[in-house]
Amino acid sequence: MTTPDSVVTHFSLFSTASPAAPSVTRGSTLPAHRLPHLPGRVAIPALPEQSRTSPSPKSLAGFNAASPEDARHTLLACLHSLRWSRRLTDHRPYPDLDSLLAASDEAAYDLTPGDLAEALAGESLPVLPADTYEAAHMALDAAHAAYEARFGHVFVICPDGIAPDEVLDHVLAGIRSRLTNDPEEERVVVAEELRRLARGRLLEVLRGAGL
């Protein structure tokens, strides 16, 4: 569980930029991490308008029967990769959920560096619980700034199986550990985390698919 003392320790580790980290200019595709009315609070960026308004299939049968456009919009809410979403859409129908998840994994493994960059542009840091104290948000901001300066994109990590009150520690420890990776090592880790995120989101979206 995160404590104020542990957050202060984490914050001190990231409060100064590493001299070895190359300078990277923040690009326009990188998402904002703060809600305007709650300084320091982490937020998931809004989905494109068409993704928020299009029907979202809530079962495997609904997904199989959906129009290609609606199926892609549903998939893009799970992983913002056009190649991944088109591949899963084109291979319908799926006989069962395991087949869809296997296809999702296979398509994620085949993403190119450009596809990964596209997917990362649609990601943000995990949302912290609403009652998280300000020092925790400061620690997360400082840690992510160090990570973004080194790799030039948002930090992604799959929090599946992590208790809500342990997410912050999990994220901070992940950033600290992965800052030692070289860019190619981190690309491999990022690809795996995106694959796990996509799988978990598919399970959540298709919650009526016989789970």
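The values are calculated or read from the model by the stated rules, or taken from the named source; none is laboratory data. Here the structure is a predicted model, which means the values were calculated and not measured. Quick reminder, even Gly has a Cβ in these numbers, built from the backbone with ideal geometry, and neighbours come from all protein chains shown. Areas reflect the complete protein model, heavy atoms only, side chains present, ligands, DNA and RNA absent. Shrake-Rupley method; radii C 1.70, N 1.55, O 1.52, S 1.80 Å.
Taking a label point 7 Å from the Cα of Asp182 along the Cα→Cβ vector, which residues of segment 151-168 have an amide N closer than 15 Å to it? So the set is empty, nothing qualifies. Within the assembled protein chains, the solvent-accessible surface assigned to Arg196 is about 80 Å², based on a 1.4 Å probe.
Remark: segment 82-92, residue by residue, has Karplus-estimated 3J(HN,Hα) of 5, 4, 4, 5, 5, 5, 5, 5, 5, 8, 5 Hz, where x stands for each Gly or Pro and the curve is 6.51 cos²θ - 1.76 cosθ + 1.60 at θ = phi - 60°.
Atom-type composition of the exposed protein surface of segment 68-155 places 54 percent of the accessible area on carbon and sulfur (1.4 angstrom probe). Neighbours of Arg178, meaning other residues whose beta-carbon lies under 10 angstrom from its beta-carbon, give a summed charge of -1 when Lys and Arg score +1 and Asp and Glu score -1. Net length available on complete extension from Thr112 to Ala173 is 19.2 nm, with 0.36 nm assigned per residue and the Cα-Cα distance removed. With kT/(6 pi eta Rh) evaluated at 20 °C and eta = 1.002 mPa s, and Rh the Kirkwood radius from Cα pairs, segment 95-161 diffuses with a coefficient of 147 µm²/s according to Stokes-Einstein. Quick check on segment 84-211: take the gyration tensor over C-alpha atoms, sort the square-rooted eigenvalues as a ≥ b ≥ c, and tell me if it's rounded (a/c under 1.5), prolate or oblate. Taking the square roots of the gyration eigenvalues as a ≥ b ≥ c, segment 84-211 is oblate.
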